1. Any chance you could get the radius of gyration and Dmax over the Cα atoms of region 170-229, in Å?
2. Using θ = phi - 60° and the Karplus curve 6.51 cos²θ - 1.76 cosθ + 1.60, what whole-Hz ³J(HN,Hα) does each residue of region 219-226 get, with Gly and Pro shown as x?
3. Once you have all Cα-Cα distances for region 147-193, histogram them in 5 Å bins from zero and send the whole-percent values.
4. Name the residue farthest towards the positive end of the dipole of the chain from the options Trp368, Leu230, Leu321, assuming +1 on Cβ of Lys and Arg, -1 on Cβ of Asp and Glu, about the Cα centre.
5. Relative to 2.2 N^0.38 Å, what does the C-alpha radius of gyration of the chain come to as a ratio? Two decimals please.
6. Mind checking the dipole of the chain: about its Cα centre, +1 per Lys or Arg Cβ, -1 per Asp or Glu Cβ, Debye to the nearest 20?
7. Hey, what do the phi angles of region 188-194 turn into as Karplus ³J(HN,Hα) couplings, whole Hz, using 6.51/-1.76/1.60 and θ = phi - 60°, x for Gly and Pro?
8. Which whole-number percentage describes the relative contact order of the chain, with Cα contacts under 8 Å and a sequence gap of 6 or more?
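The values are calculated or read from the model by the stated rules, or taken from the named source; none is laboratory data. Predicted model, so just to flag it, every value in this text is computed and none were measured. Virtual Cβ from ideal backbone geometry, glycine too; neighbours counted across all protein chains shown. Accessible surface areas use protein heavy atoms only, side chains included; no ligands, DNA or RNA. Shrake-Rupley method; radii C 1.70, N 1.55, O 1.52, S 1.80 Å.
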Amino acid sequence: MTTVSQQEVRTGFTGALRQLRDPLLLAVVPITFALLSIFLGYLNSWPIGFDFRGTLWEPARALLDGAAVYPEPTRDAVVIGNPTVYPPVFILASIPLALLPVGLASWLWFCLLGIGVFAALRILGVSDWRCYVIALTSPAVVHGLFYGNLTVLLVLPLALAWRYRDRAHIVGLAVGVAVAAKLFVWPLVVWLLLTRRFRAALWATGSAAVLVLGAWALIGFEGLADYPALLRAVQDVYAVRSLSLSTVAGGLGASVSGALVVAGVAGLACLGVAAWLVGRPDGDRRAFAVVVAACIIASPIVWPNYAALLFVPIAVTWPRLSAAWFFGYVAWVVGAIAPRPEVSEVCCRPQSVPEQAWAWSHTEPVLWYAAGTMLVVGAVTLLVVCSDARRVRAPLRSDRISTEGRA
């Protein structure tokens, strides 16, 4: 009989542990974390799809019922936590979901957002299953899935914009759809200009204008005249109460208008950095990453799910698992340990609004949480900019076409 040595037993045991390491640490643990996050959301009385209900389902339902789509441009109308503030493009697109009960529609929207993230990674050529699991269970993405926030879906047009960046009509339409969905991604148009993709920039601005004005025309331009005032009302409430750079400035004593200026100047500074990077080696990818960060940094209102956009430059740079893919957990830890201001007792909360959502709109700026979030965004962007993507990935077909076309 063959005698098995202790060394062989130890080697076999070590090999078995290595085989189990990735499935346990990079599948079971993150999936469990995501499920617990959703369960805790229920315990805190947050309904699934809270943002989806207020920003898409209810206005789409109002269209079907012939009621007003947009609220009055007042503080009282926007402190509910999920006011209707998007341009009407995706409101119209949500009409089929508005025909369904809100609970079922919210879960379907949850699935659509998840599919959008998955499709974005596929478009960018990610083949490592661990990247898909980590991205889909990342706190930044789970936050957006749970609340049903439209921002998470923007990873798809961003991925298309990069993948087909040298096909003017495709990248232009992708950027145009993104801007028409949520205006804070307007720096993507600047990226097209900085990289001398002028036809694509025309496609982007033209398609965004057609989508926004065309959708508004379909609803009789209802709410268009008051829309700037509505955005100002939302900014007055949330620009210093979210996780934005404006909130950091507000926590340091700036007025709302001053805080907005700080974020705007920082966003312009990022675009200046992007302009400098364009002419340097691998400048297209590096400038793209900085512009994606500029979208978040310049936005007057930022929630945890906004950081999901960073998965696009991460996937472009590292198609296989690297430390950067875990940034969402770092942001989550920052949120867990950051001190929060005490919330005073507030009255008159509508029954349909969760207590935490109502309290958030009446609190003081969450300085350290917002500052930590902005630092994570900056650190991830710096990692992407300082990396040499050519050493870690083989070029996609469109990358080869781009390189050959510019040679």
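1. Answer for region 170-229, Rg first and Dmax second: 12.4, 38 Å.
2. 9, x, 6, 5, x, 5, 4, 8
3. Values per bin, smallest distances first: 5, 25, 35, 22, 9, 3, 1.
4. Checked the options; the winner is Leu321.
5. Details: Rg = 22.3 Å, N = 407, 2.2 N^0.38 = 21.6 Å.
Ratio of Rg to 2.2 N^0.38 Å for the chain: 1.04.
6. Values: 29 positive and 21 negative charges, 332 e Å.
Charge dipole, the chain, about its Cα centre: 1600 debye, nearest 20.
7. Per-residue couplings from phi come out as 4, 5, 5, 4, 4, 5, 5 Hz.
8. Values: 612 pairs, mean separation 76.6, N = 407.
That works out to 19 percent.
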